[in-house]
Amino acid sequence: MQPLTVPAYNTTINVSPPLLEDFDVRSFEDNMDRVPMRIQPFRIGFYQIAILESGGGRVNSDGSDYDLRNCTLFFNLTSQIVYWDIQPDWRGYYCCLPETCYTSPLTGYPTLADFPFFRHPHPGIHLRSHEALHVVETLRRMHDKHQETDNPHHRLRTMAEVNVLLTDCLQAYARYVDEAAVASNASRLSDRFVELIRQNVSELALGLTRVQLRAGTAAAALFVTPGHLAERTRQDLGQTPSAYIQGQLIAQACKLLTIGEQGIGEIADQLGFNSMAYFGRVFAKLTGKSPTGYRDGCG
């Protein structure tokens, strides 16, 4: 499948030829009465930046489906295979950018391939209102000025606007990456908590420690506040830290009751419970049975 040039792309989607051979900027509304709402897969030989102000649909790039929604900024990479399934109510703008149109490189980005949003496919960025406004206004200005072909500096002005658009995208992408990193770190916190508790329960069962970790001590070991740990475990695990700890301890107690001959008091003590009564209450709450009833049922 040969990558399409910008003119060939326009022919494929049934719109008029670009005013510049290697660059095009369009309003979705201008095209909705001509482009097919569904299109067979094709490969592009340039980059695309698009902002969806309103409307919805699905774009597939290199085998991954992306659902689009209002204020979504999305990118197609050169050589990607793309197809779409869209609605006729799309509003927004898009532009086609081959390397040949990037004639005045921004500092740190000598080629279009150096921009982070052009390196790997991803599902698009849902912009905040002020971010969307910046991108829409830049593309609208590009679109309107691009029609002024009688201007002797038409291409030069268009290429300058490309750099403004790329800067807008860099700012939005930086915020997107920062928020993704925070989410990733938060997710890793709950993973570290799970590993910490599982290791502690295992060591209790093997007699390698007699200290049962509580929510507060687990938070301290992970260098976070108890409140932050609780927020993350509720979101990621659907439980408070204490509930997760109790669940792991009682799961281990069930194993010991099933496979060993230790007394119930010994098991409670080994797992770090302060009293038989407390162990019995927690066990019954989580299993619906007393430790003795559980053991008898396993016999």
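The values are calculated or read from the model by the stated rules, or taken from the named source; none is laboratory data. From a predicted model like this one, the values you see are computed outputs, not experimental measurements. So basically every Cβ, Gly included, is an ideal-geometry build from the backbone, and we count neighbours across all protein chains shown.
Residues that are without any contact (Cβ under 8 Å) to a residue 24 or more places away in the chain, assigned to a loop (DSSP other than H, G, I, E, B) and within 20 Å of S27 (Cβ to Cβ) within segment 100-152 comprise E148, N151, listed in sequence order.
Hey, any hits in segment 173-183 for a residue that's charged (D, E, K, R), modelled with pLDDT under 90, exposed (fewer than 13 other Cβ atoms within 10 Å of the Cβ) and in a loop (DSSP other than H, G, I, E, B)? There is no residue in segment 173-183 that is charged (D, E, K, R), modelled with pLDDT under 90, exposed (fewer than 13 other Cβ atoms within 10 Å of the Cβ) and in a loop (DSSP other than H, G, I, E, B). On inspection, L196 passes the criterion of being surrounded by fewer than 18 Cβ atoms within 10 Å (Cβ to Cβ), in contact with a helix residue (DSSP H, G or I) (Cβ under 9 Å, 6 or more places away or on another chain) and at pLDDT 90 or above. Restricting attention to segment 96-122, the residues that are modelled with pLDDT of 90 or more and under 24 Å from the mean Cα position of the chain (by Cα) total 7. Filter segment 236-268 for residues that are free of Cβ contacts under 8 Å to residues at least 40 places away in the same chain and not hydrophobic (A, V, I, L, M, F, W, C) and give the result. Once the filter is applied, which keeps residues that are free of Cβ contacts under 8 Å to residues at least 40 places away in the same chain and not hydrophobic (A, V, I, L, M, F, W, C), segment 236-268 yields G238, Q239, T240, S242, G247, G260, E261, Q262, G263, G265, E266. Just for segment 210-225: of the residues that are of a type outside the set (A, V, I, L, M) and surrounded by 14 or more Cβ atoms within 10 Å (Cβ to Cβ), which one is farthest from I250 (Cα to Cα)? Filtering segment 210-225 for residues that are of a type outside the set (A, V, I, L, M) and surrounded by 14 or more Cβ atoms within 10 Å (Cβ to Cβ), the one farthest from I250 (Cα to Cα) comes out as T217. Taking segment 199-211 as the range and being at pLDDT 90 or above and hydroxyl-bearing (S, T, Y) as the test, only S202 passes. Among residues of segment 261-293 being touching a helix residue (DSSP H, G or I) at 6+ places or on another chain (Cβ under 8 Å) and farther than 20 Å from A243 by Cα, the one that is modelled with the lowest pLDDT is Q262. Under the condition of being buried (at least 17 other Cβ atoms within 10 Å of the Cβ) and of a type in the set (A, V, I, L, M), which residue from segment 251-281 is farthest from the chain's Cα centre (by Cα)? Out of the qualifying residues, it is I264.
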